[in-house]
Amino acid sequence: MSGSGSVVSIDRRMRLWSLAAAYAGGESVTVEHVCITATSATGTDGAAIAVALTATPRETIYSSNRLASEAEELSLILGEGPCVDALAGGLALVPDLSTTHCLARWPVFAPAVVAAGVRAIFALPLQVGAIRLGVLDLYRAEPGDLHQEQLLDALTLADTACALLLDGTGHGAPQAPGRILEPAGLQHPEVHQATGMISVQLGLSAALALVRLRAYAYVNDRRLRDVARDVVARRLRFDPEGSDDSGRSDGD
């Protein structure tokens, strides 16, 4: 999404990561700290992160306050709004939800969320290439757009949240002492193969299959490529009838 590789982009990423690390207070940075950083950097009043799942359009894994929680719930229940649009079609920046255009586009959601105290929503996809894993939603109690620097900060932080989700730390779970997270990319052939197999087993996109693989490795305190080898060797199979991070060994 963002990130041209320029010096300015690198400086921006370093600055925002430093802010998130400061909010983490010496602990591992999670999506909670990314959301706090996002509201601070953009002058918004609330933030939330939702991820796409198989059985539902999305699931909110973090919301910063009541304002964000109520808006997320309304979007999920009513099935419309900028957050839904961003997950399906890309960036959705809405500086004033009370306009005639917004009321016509989201006839149920717009008046409901305005009544809940939200006047502006900025929804940014969490994206890996063309595949969207979820969305970072920023909420403002007063109407008003993001200026260019705020938008660039928001896009950069959306990339950061996406990386944390792929690293298996996105749910804010504490990291095991001494544990070193592996890079998010498909750097090992067996990880790529296992991701494809899980994608078929669960009927997921490759990106979401990778999230499941990483979550299983994290929960079971195993290295990602060791779990991948078990999947490729058919010693481990992911069951669509089980829980989100479930897998079963042959013979179970």
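Every number here is computed from the coordinates shown, using simple stated rules; none is lab data. Treat the numbers as computed from the prediction; the structure is a model and nothing was measured. With ideal geometry, Cβ positions are generated from the backbone for all residues, glycine too; neighbour counts draw on all protein chains shown.
Model label sites at Ser40 and Leu78, defined 7 Å from Cα along the beta-carbon direction, differ in position by 3.2 nm.
Evaluating 6.51 cos²θ - 1.76 cosθ + 1.60 at θ = phi - 60° for every residue in the range 25-40, the Karplus couplings come out as x, x, 8, 5, 6, 10, 5, 4, 5, 5, 5, 4, 4, 5, 5, 5 Hz, glycine and proline recorded as x.
Could you grab the Rg to Rh ratio for the range 7-166? Cα atoms only, Kirkwood for Rh.
Working: Rg = 14.8 Å, Rh = 15.5 Å.
Here Rg/Rh amounts to 0.95.
Using the Cβ of Glu142 as centre and a radius below 10 Å, the other residues enclosed give a net charge of 0, where K and R count +1 and D and E count -1.
Under a 5 Å amide H cut-off, with hydrogens placed 1.01 Å from N, Ala141 pairs with Asp45, Arg119 among residues at least 5 apart or on other chains.
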